[in-house]
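One structure is given here, and the rest of the page talks about it.
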Amino acid sequence: MGEYNFKFIESKWQKKWDEAKAFEAVNGSDKPKFFGLVEFPYPSGQGLHVGHPRSHTAMDIIARKRRMQGYNVLYPIGWDAFGLPAENYAIKNNVHPAVITAKNIANFKRQLKMLGFSFDWSREVNTTDPDYYKWTQWIFIQLFKRGLAYKQEMPINWCTSCNVGLANEEVVNGVCERCGGEVIQKRQSQWMLKITEYAQRLVDDLDDIDFLEKIKTQQRNWIGRSEGAEVRFTLTTGDEMTVYTTRADTLFGATYTVISPEHPLIEKLADKLENLDEVKAYQSAAAKKSEFERTELAKEKTGVMLKGVKAINPVTNTEIPIFVSDYVLVTYGTGAIMAVPAHDTRDWEFAKKFDLPIIEVVAGGKDVQQEAYTDVYKGTMINSGFLTGMPVKEAIPAMIDYLEKEGLGKRKVNYKLRDWVFSRQRYWGEPIPIVSCEKCGFVPLPESELPLVLPDMAEFKPGENGESPLANATDWINTTCPCCGGAAKRETDTMPQWAGSSWYFLRYTDAHNDKALASKEALDYWTPVDWYNGGMEHTTLHLLYSRFWHKFLYDIGVVPTKEPYQKRTSHGMILGENGEKMSKSRGNVVNPDDVVNEVGADAFRTYEMFLGAFDQSTPWSQQGLKGCYRFLEKVWNLQNILVDDDSVSADLEKSLHKTIKKVGEDFERMKFNTAIAAMMSFMNEVTKKGSITKGELKVFITLLNPVAPHMTEELWEILGGKGLLSLAKWPEYDPAKTVDDEVEIVVQINGKIRDKAMVPAGLDRSGLEEIAMRSEKIKELTEGKNIIKVIAVPGRLINIVVK
RNA sequence: GCGGAUGUGGCGGAAUUGGCAGACGCGCCAGACUUAGGAUCUGGUGCCCCCGGCGUGCAGGUUCAAGUCCUGUCAUCCGCACCA
């Protein structure tokens, strides 16, 4: 027997799998399908970090097991390759981003191959490939044609030092990620996608899919649905303002109103305002505040009262002041609120600062002069006319009914979700396939002209005024209008990185189709994705965006399902050995290349799955890694005690069947650590026994194969197994052989363990009791005492309660 | 502030419905083999005042029985952050 030479074994089997096309999924198969998905990586210059293999190995285990169970498995991979780091690197080093991206992809590919994942490499996709982004552009055009993509002036992040527009991701703690310069808001025309149109469906359809509950919760919170009412206030000038509230019940307690600094009402009332200068000054001060300052100063309320105009509370008919304050957001509701200081913390703070009246309309809290009482579930209405005496929960609909009847307001649902800012003033992204024509406005390219290829440029620094680098590609920009044939200009903004990743999983089903993003047959067969594992950090970005795009594609008949992913799970982070997040600056980064070089891919994979609970963050441990290597080496060395016999021996049969059951079930629940622990236990038992038959070892390495595929494949060959182990049959267990004939039960007195006994497995309560009472130890301890009660739990314990 | 977690030996972590707390691995201790050991093998390893007690962040409660259920409280991490 040779030594455990993982280097030789691993490259040998990787080559064999490639040659045999062992992991290629089949389109047009009549087998049941399984579509397992992991997030395709952004090919960064740093190469793979240890977080990638955690997710990839987990899904690889599931995919390998499914394959052995007879499924037609699609486990694909690709590259989410547009994005800022490549572009920034390109600017700094004067290399084209395409060059650096190709180099990074080659490195990532080498690393992923070295880890032995059972990806179907024949379906590899790359978001920067024109054959791919042709369809990203195609989807954009469909969105545009249906009014879901529109251009609007929006504030963007502007670095005052680099003189350049920044994506949100580039603004860290309110300053420019690259230079640390101050970031302010600058208005610029931007492409937007109407994700808000799908808000309700994005919430509702969560009920039908199998996502981790915390993922659903996070998406629901992000979408932020709230039910309330819009209420119309008449002003003393005869004008009107509409406010949004979820607490219509408190209208009797509204003692002032507030509008946001950007609210159009200010413009409208301009001539009537006695303190217009003061108001204007406040507006411009608010506009100048950076996002950072606004959140920094969140606690301290500021504002200005509009002089010369008041609002009339529609139920009390009292005149109440109108304030302008930046604690009210123009982007939510109507940009105006009615303030009820007695029952809203923010209004209370504002009222205290400006010395405004606080009127209690819900009784049951503490003194509202001391703090706001905001509980919706308790409390009774007071000082509220026809609502007085009602509990809050009834008063809310009662008030809305009244407002609707009187024509003073109406029911209204609002969402926190905003439309998606889809423009980036950047080079390294998909060009937006729209031209702007003076006569025809925005015109989409005809589909026959796709892909609109990103022009090759030597200079891709962003423009002076926050324009995209593409603004310098004059030959490319100037074109003719597809509609009228006149002179027109191309859109110079590109799409964000989220564009290509919003539909990539669909492309895997039919990766080389040049007629459609994928054929109908392929989509019908493969979608939805059965199981998608990825990081929590994408929950309100990629995961939400791609659900939106998928629903849109469903609406226009491109995909057959409402939801893209049937099941979504998430893995915890791997921390540095010191328990901190891995980062270059902390110097605690573990490089997969080094690990594989030292202990091999199989030990690396095993440790990544063993180091802790899959869904939780856990620190890396070099010693722990060694432990997994030792385990594999011991498995390898079982050859030393091999008995040439294809049957399973009587004394290992039960353990083997129990292990099959445990490993299979634990894999499904992503309890990889306990599955591996069970295999370690089995191996320890074999070692203790001193021998293992060929038959037993074959079953055992089949179980281990999804975790450590190379070594088990080599052993399979040594044992004379037929074909590839990776394509062999997953073992089944006999439930009858997973239960012991005899079990140890404990005998307790008053809940404390006093004795143990081996009893037949099926023994009933009275049988157990009899055995317990016969025990010498128990006799002794219960002597002269009063037995009050005996609790017997078959298969577990007997508890004798004495006094 | 809101939302979501998490808290168990020296360490990473186990523990379906409440039913032997500490599986498995690391580390540590002892022994074996060795010229040698950061190799390998064997045995041991929660704590203590050790014939008996005590132990799952802390304080209570329910129960024959609580890591698990209930009430309160503290700590740490993550996400959102003036959303009316």
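Quick rundown of the values:
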item	result
Hydrodynamic radius of chain A per Kirkwood, over alpha carbon pairs, in Å	31.6
Partner aspartates and glutamates for A:LYS520 [C-alpha distance under 19 Å; skip if fewer than 8 residues away on the same chain]	A:ASP30, A:ASP131, A:GLU447, A:ASP510, A:ASP530, A:ASP555, A:GLU563
Estimated [θ] at 222 nm from DSSP helical runs (n ≥ 4, -39500 (n - 2.57)) normalised by residues in chain A, nearest 500	-10500 deg cm²/dmol
Peptides A:65-78, A:393-406 ordered by average Cβ neighbours within 10 Å, highest first	A:65-78, A:393-406
Accessible area of the stretch A:689-746 divided out per residue, in Å², using a probe of 1.4 angstrom	39
The stretch A:662-803: C-alpha gyration tensor shape, a/c 1.5 cut-off, then a/b vs b/c	prolate
Whole-angstrom gap from the stretch A:479-540 to the stretch A:1-74, using each part's C-alpha centre	25
Solvent-accessible area, 1.4 Å probe, carbon plus sulfur percent, for chain A	50
Those residues of the stretch A:600-621 whose amide nitrogen sits under 16 Å from the label point placed on A:ILE718, 7 Å along Cα→Cβ	A:602-603
Principal axes of the stretch A:214-280: Cα extent on each, largest first, Å	52, 28, 16
Rh by Kirkwood over Cα pairs, then Stokes-Einstein D for the stretch A:476-631 at 0.890 mPa s and 25 °C, µm²/s	125
P(r) tail fraction, the stretch A:1-82 - alpha-carbon pairs more than 14 Å apart, %	73
For the stretch A:681-727 and the stretch A:594-636, distance of Cα centres in Å	19
Probe 1.4 Å, protein heavy atoms only - accessible area per residue of the stretch A:213-328 in square angstrom	46
In range of the label at A:LYS777: residues from the stretch A:724-768 whose backbone nitrogen is under 14 Å from the point 7 Å along Cα→Cβ	A:744-759
DSSP beta bridges in chain A [antiparallel fraction, %, rounded to 5]	75
Spatial separation of Cα centroids for the stretch A:208-285 and the stretch A:301-315, in angstrom	13
Gyration tensor over alpha-carbon atoms, the stretch A:1-157, equivalent ellipsoid semi-axes in Å	34, 24, 13
Proximal lysine pairs, the stretch A:208-324, alpha carbons under 15 Å, eight or more residues apart or interchain	11
Tensor-based shape of the stretch A:582-739 (alpha-carbon gyration tensor, a/c under 1.5 rounded, otherwise prolate or oblate)	prolate
Estimated FRET transfer efficiency when R0 is 22 angstrom, pair A:ALA102-A:SER44 (beta carbons, to 0.05)	0.95
FRET E, pair A:ALA287, A:SER122, Förster distance 51 Å, beta-carbon r, rounded to 0.05	0.40
Too-long pairs where the Cα-Cα distance tops 31 Å, listed order kept, from A:LYS194/A:LYS378; A:LYS113/A:LYS584; A:LYS410/A:LYS567; A:LYS654/A:LYS756; A:LYS186/A:LYS584; A:LYS16/A:LYS737	A:LYS194/A:LYS378; A:LYS410/A:LYS567; A:LYS186/A:LYS584; A:LYS16/A:LYS737
Separation in nanometres of the label points that stand 7 Å from Cα toward Cβ, at A:ASP375 and A:VAL589	5.3
Inter-label distance, nm, simple model (7 Å from Cα along the C-beta direction), A:LYS803/A:ALA516	7.9
Span-rule helices in chain A, defined as complete DSSP H runs reaching 24 Å or more along the axis (Cα) with Kyte mean at least -1.0	A:97-114, A:650-668, A:672-689
Amide hydrogen neighbours beyond the local backbone of A:ALA792, cut-off 5 Å, H modeled	A:ASN799
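The values are calculated or read from the model by the stated rules, or taken from the named source; none is laboratory data. If you're wondering where the values come from, they're calculated on a predicted model, not measured in any experiment. So basically every Cβ, Gly included, is an ideal-geometry build from the backbone, and we count neighbours across all protein chains shown. In case anyone asks, the SASA skips ligands and DNA or RNA and just uses the protein heavy atoms, side chains included. Shrake-Rupley method; radii C 1.70, N 1.55, O 1.52, S 1.80 Å.
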